[in-house]
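Bear in mind these aren't lab numbers, they're just calculated from the coordinates by the rules spelled out. This is a predicted model, so every value here is computed, not measured. So basically every Cβ, Gly included, is an ideal-geometry build from the backbone, and we count neighbours across all protein chains shown.
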Amino acid sequence: MIGAGPGGIAAGVKLKRAGVTDFVIIERADEVGGSWHENHYPGLEVDIPSLAYQYSFARNAKWSRLFAPGAEVKQYHIEVARRFGLYAHTRFDTTIAGEEWDESNHCWILRVQGGGVITARFVISAVGAFISPKQDPGIAGLADYRGKIQRPSNWDHDYDHGGKQVAIIGTGASSVQITPSIAGEVAGLAVFQRTPVWCVPKPNPVMPGAVQAVLGIPGVQAAVHGSALVVIDALLRVMSNAPMTVVRPTMRTVDSVAITGYKGLLRLMVKDPATRAGLTPDYGPIAKRPTANTGYLLSFNRDNVELVTTPIERFTETGLRTTDGVERAFDMIVLATGYNVFSDPETYVPGMVVGRAGLDLGKFYGEHGLQAYESVSLPGLPNRWTLVGPYSWSGSGWHAFVEMTADHAVRAIGEARRRGATFVAVRQDAHEAYHRDIYARGEAMRYYLAELNAHVPTYYRNSQGDSTYIRPSGFFRARRGHRRFPFSDYRFEVQRPTVVAGTPEAAPSPRT
Ligand SMILES: Cc1cc2nc3c(=O)[nH]c(=O)nc-3n(C[C@H](O)[C@H](O)[C@H](O)COP(=O)(O)OP(=O)(O)OC[C@H]3O[C@@H](n4cnc5c(N)ncnc54)[C@H](O)[C@@H]3O)c2cc1C
C-alpha cells in the first residue's frame, strides 16, 4: 500500500479485518495522517463537522469542538493507526518514485526514490487527492524574492511573522483559514485574490461534556451521520437523474439566488463597499470548493488587512508587483496557491505507473481522459486499486468515501486469495460499461462546471473539461457498487510456474 493518510489507514484496518496481515504501508513522510501531518498552518481545522470526518469503525465522542483543530485530527489518525497495529506495517520516509507491472511474475515492482525496489503482488494506491502542493505559483520571479516564503503545507513555525508585513497569494480553503488567524498578529496583511471564494460563517462551539456523553452512546453518531448522508445522497441523485431540460434552468436559478443571498451576507459582514464588491463571486456556490470560516470576511474590516484584486505581474526582490505597476514590500509571502489534484490528467506523470502491455497511466489519461471502473481499477493495471480515483468523491466526509473504496480493493484481494489467483484485473467490457454510465450521469455536473460556470478556475473541472472529481451517482449507490460489485466483472488468473531447466522459477515475495 502506498500512503498512510486517512485512506491508507482505512485500507490497513480493513485488510487486517479481512485476515490479510502480509502487507506493508509505504509512506514518504515520517508519521501517519497524510494531509493532517503535512499541514499544520495557523488556523487549520476540519471544515465539516468532526463527527462526519472520522472512521465508522473508530468513532470518537470526545472531539473538543464541532470542527476539530488540525492537530487534534492528526492525533486521531495516529491513535487509530496505533489501536489497529498499523505502525508495525508502515515503512516511513520511503517515497515510491514509480510503479511497473511485472507480467512474468504477476506482481508490481515499486521503485523507491533514492534506490531500491519493493515487489508487491497487490498494490493499493492511497496517495490521496491533493497529491503535492504546487511548487511553482505560476508567477514570474519567485527566485528573485529575498524575504520569507511560507507554504500552508510544511509551515515554518520558527519564523515569527508577528509585527511583519505579510502577503498571502490565493483565496482558497487554506487562505480562508490562515488569513483570520494571522491578521491580528501582523503589521499588515495583503490578500491577493484571483477569484473570490464562497465563504460562509462557521460557528465552532466547544463540545459540552453532555453532548460528548450523548455522542458516546452506541449508535447515536452513526444515526446522525447516516441522516446527513441520506440528504447528500438525495441531492446528488436528483442532480444526476433529472432531465437536462429541468437541470439547466434550475441550476441557473439556484446560482443567481445564491449569489444574491451572498451579497446580503457580505453587506452584513464587510463594511467597505469596494472590498465587498471585490469579494463577490460571479459564479455558483459549488462551482469551486466552497469554504466556511467566520473570521475570513470579518478580517477585511481590519485597518491592517487589504484585499488586492489587481493581478500579480511578478515577484520582486522585496515583494510583489501588480500589473498596474504598484510594488509592495513584504517580509513574508504565503503561497496558498493550491495542489496538483487527482482529478487533473497532468497529475499523472508519464512513466510513473506502467501496467500490462506497457499501458502508461499518464499517457492513457492524457489521451483518453480520466476513467476507472468504480473509480478504483483499470483493465491494464492488474492487481492495483486506487482509493481516490476518477469520478470518486461521493459527497460524503472523506472517511466514508475512502472506507468504501478500500472495501472494494480488500474484497477483490480477498477473492483473489480465496481462488489462489495471482492476477486480478477488471474486464475491459465491465470497465467500459461502467465508464459509459458514469460519464452519462455526469452531464449535469459538466453543464454546471464546464458551461454555466466555465469562467471560474476550479479543480472540480479539469483541463479536459471533465468533472472527474465527483462521482455523480449518489452516496449509497457508490457504496453498494464498491461492496457488492460482481466478481464476474473481474478476471482472475492463476500464474503457471515458469519452468527453467526443470526447476520452477522463484517468484518474488508477494506483499500487498
Ligand atoms: C489542508 C487540507 C485540509 C483539508 N480539510 C478537509 C476537511 O476539512 N474536510 C474534508 O472533507 N476534506 C478535507 N481535506 C481533504 C481530505 O479529507 C484530506 O486530504 C485527507 O487527508 C485525504 O486522505 P487520503 O488518505 O486520501 O490522502 P492524504 O491525506 O493526502 O494521504 C496520502 C498519503 O500518501 C503519501 N504519499 C503520497 N505519494 C506518495 C509516494 N509516492 N510514496 C509514498 N507515500 C506517498 C503522503 O505522504 C500522504 O501521507 C483537506 C485537505 C487538505 C490538504
| said: Between helix 70-83 and the chain, what is the angle of the helix's C-alpha long axis to the longest principal axis, kept within 0 to 90° and rounded to the nearest 10? | reply: 20
| Can you give the Rg and Dmax of the chain based on its C-alpha atoms, in angstrom? | 24.0, 85
| Taking the Cα centre of segment 281-356 as origin and charging only Cβ (+1 Lys, Arg; -1 Asp, Glu), how large is the dipole, in debye to the nearest 20? | 380
| message | Please report the antiparallel percentage of DSSP beta bridges with both residues in the chain, rounded to the nearest 5. | response | 50
| query | Just going by the charge dipole of segment 413-472, with Lys and Arg at +1 and Asp and Glu at -1 on Cβ, which of G414, A444, P457 is farthest out on the positive end? | reply | G414
| request: Mind checking which of A167, M244, A210 is farthest towards the positive end of the chain's charge dipole, using Cβ charges of +1 (Lys, Arg) and -1 (Asp, Glu) about the Cα centre? | output: A210
| At what distance in angstrom do the alpha carbon centres of segment 471-496 and segment 152-207 lie from each other? | 42
| request: Report, ordered by chain and residue number, the lysines lying within cross-link reach of K164, taken as a straight Cα distance under 20 Å and ignoring same-chain residues fewer than 8 apart. | output: K148
| query | Roughly what % antiparallel, to the nearest 5, for the DSSP beta bridges in segment 183-336? | reply | 50
| task | With +1 on each Lys and Arg Cβ and -1 on each Asp and Glu Cβ, and nothing else charged, work out how big the dipole of the chain is about its Cα centre, in Debye to the nearest 20. | result | 1600
| said: Run the reach check for K16 against aspartates and glutamates, Cα to Cα strictly under 13 Å, same-chain hits fewer than 8 apart removed. What comes back? | reply: D407
| said: What are the ³J(HN,Hα) couplings of segment 218-224, residue after residue, when phi is run through the Karplus curve with 6.51, -1.76, 1.60 and θ = phi - 60°? Round to Hz, x for glycine and proline. | reply: x, x, 5, 5, 4, 5, 5
| request: In whole angstrom, note down how far apart the Cα centers of segment 1-78 and segment 227-248 are. | output: 29
| said: List the pairs from K14/K288; K134/K363; K14/K62 whose alpha-carbon separation is above 29 Å, in the order I gave them. | reply: K14/K288
| task | Kindly express, to the nearest 10 degrees and within the range 0 to 90, the angle between helix 173-183's C-alpha long axis and the longest C-alpha principal axis of the chain. | result | 40
| Once you charge only the Cβ atoms, +1 for Lys and Arg and -1 for Asp and Glu, what is the size of the charge dipole of segment 231-361 about its Cα centre, to the nearest 20 debye? | 620
| query | Arranged from highest to lowest average of other beta-carbon atoms within 10 Å per residue, in what order do the peptides 152-161, 425-434 appear? | reply | 425-434, 152-161
| field | MRE, 222 nm, helices only [DSSP H, n ≥ 4, -39500 (n - 2.57), over the chain, to nearest 500] | value | -10000 deg cm²/dmol
